[in-house]
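Okay, structure first, notes after.
The values are calculated or read from the model by the stated rules, or taken from the named source; none is laboratory data. Computed from a predicted model, the values in this text were never measured in an experiment. Here the Cβ positions follow ideal geometry from the backbone for every residue, glycine too, while neighbour counts run over all protein chains shown. Areas reflect the complete protein model, heavy atoms only, side chains present, ligands, DNA and RNA absent. Shrake-Rupley method; radii C 1.70, N 1.55, O 1.52, S 1.80 Å.
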Amino acid sequence: MPSSSCFSSCQGGLSEAIAGDIYTIAGSATASNGHTGDGGPATSALLFGPTDVAVDASGNLLIDDEGNNRIQFVAASSCSSSCLWGLSSTTAGDIYTIAGSSSGGGGHTGDGGAATSALLYNNEGIALDAAGNLYIPSMRRATSTLPTPTTIGCAEVATQH
């Protein structure tokens, strides 16, 4: 993706503006939301409240799909085996869940296990470090009876390699 691009998200989609034009790159161009399309074209998938994006050194797009309690990966190029984020294969332009639930369910389980088996809740953005590690801050409730989040946890999910 060009370094001069600008990303914008709305209810169910993520758009990129390049030189005055806007293109839907993931999710719905009509603001429909949902949690379908995992493993297929990113422009056919449905997102729910994407709140943050990151682009790695290879041009892959990572999306914080906050409403679906998951992190999505849009492959910049195809890979036939041993792909990034533990995926067995990827197709350029397709979207994959790399952390959290592919069905949209939320929770606070999975520390120390596979990122795709973990449950996220109310993820608050994403960040990549220079080594390609992905970090996901999430709001955690101390007990289910508190009306507001009381602590913030930050979890390293995986490395690109």
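Can you tell me which residue in segment 6-32 is modelled with the lowest pLDDT, limited to those that are part of a loop (DSSP other than H, G, I, E, B) and either open to solvent by 70 Å² or more (accessible area, probe 1.4 Å) or farther than 19 Å from Gly125 by Cα (or both)?
Residue satisfying both the conditions and the ranking: Gln11.
Within the bounds of segment 85-93, is there any residue that is within 15 Å of Thr36 (Cα to Cα) and either touching a His at 6+ places or on another chain (Cβ under 7 Å) or in contact (Cβ under 8 Å) with a residue 24 or more places away in the chain (or both)?
Taking segment 85-93 as the starting set, the residues that turn out to be within 15 Å of Thr36 (Cα to Cα) are none.
Scanning segment 85-93, I find no residue that is within 15 Å of Thr36 (Cα to Cα) and either touching a His at 6+ places or on another chain (Cβ under 7 Å) or in contact (Cβ under 8 Å) with a residue 24 or more places away in the chain (or both), so the answer is no.
Given (1) open to solvent by 20 Å² or more (accessible area, probe 1.4 Å); (2) of a type outside the set (Lys, Arg); (3) under 20 Å from Leu134 (Cα atoms); (4) in contact (Cβ under 8 Å) with a residue 24 or more places away in the chain, identify the lone condition not met by Ile71.
Here Ile71 clears every test but (1).
Take the conditions within 15 Å of the chain's Cα centre (by Cα), within 21 Å of Ile136 (Cα to Cα) and either open to solvent by 30 Å² or more (accessible area, probe 1.4 Å) or of a type outside the set (Val, Ile, Thr) (or both) and apply them to Gly104. Does it pass?
Values: within 15 Å of the chain's Cα centre (by Cα): yes; within 21 Å of Ile136 (Cα to Cα): yes; either open to solvent by 30 Å² or more (accessible area, probe 1.4 Å) or of a type outside the set (Val, Ile, Thr) (or both): yes.
Spelling it out, Gly104 is indeed within 15 Å of the chain's Cα centre (by Cα), within 21 Å of Ile136 (Cα to Cα) and either open to solvent by 30 Å² or more (accessible area, probe 1.4 Å) or of a type outside the set (Val, Ile, Thr) (or both).
I'd like to check something: does segment 110-120 contain any residue that is β-branched (Val, Ile, Thr), open to solvent by 40 Å² or more (accessible area, probe 1.4 Å) and farther than 24 Å from Asp56 by Cβ?
no
In segment 86-100, what residues are assigned to a loop (DSSP other than H, G, I, E, B), over 12 Å from Ala42 (Cβ atoms) and within 15 Å of the chain's Cα centre (by Cα)? Talk me through it step by step, then tell me what you get.
Looking only at segment 86-100, we keep the residues that are assigned to a loop (DSSP other than H, G, I, E, B), and these are 87-89, 91-93.
Still in the list and also over 12 Å from Ala42 (Cβ atoms): 87-89.
Within segment 86-100, just Leu87 meets the criteria.
Anything in segment 44-67 that is over 28 Å from Ala130 (Cβ atoms) and in contact with a Phe, Trp or Tyr (Cβ under 9 Å, 6 or more places away or on another chain)? List them, or say none.
Filtering segment 44-67 for residues over 28 Å from Ala130 (Cβ atoms) gives 44-46, 48-49, 67.
Gly67 - this is the single residue of segment 44-67 that is over 28 Å from Ala130 (Cβ atoms) and in contact with a Phe, Trp or Tyr (Cβ under 9 Å, 6 or more places away or on another chain).
For residues that are under 15 Å from Trp85 (Cβ atoms) and either charged (D, E, K, R) or at pLDDT 80 or above (or both), scanning just segment 130-161, find the one that is most open to solvent (accessible area, probe 1.4 Å).
Out of the qualifying residues, it is Glu156.
Please verify whether Leu62 is open to solvent by less than 20 Å² (accessible area, probe 1.4 Å) and assigned to a loop (DSSP other than H, G, I, E, B), treating the condition exactly as stated.
It is false that Leu62 is open to solvent by less than 20 Å² (accessible area, probe 1.4 Å) and assigned to a loop (DSSP other than H, G, I, E, B).
Every residue in segment 35-57 that is open to solvent by 20 Å² or more (accessible area, probe 1.4 Å), touching a residue at least 60 places away in the same chain (Cβ under 8 Å) and part of a loop (DSSP other than H, G, I, E, B), please.
His35, Asp38, Ala57
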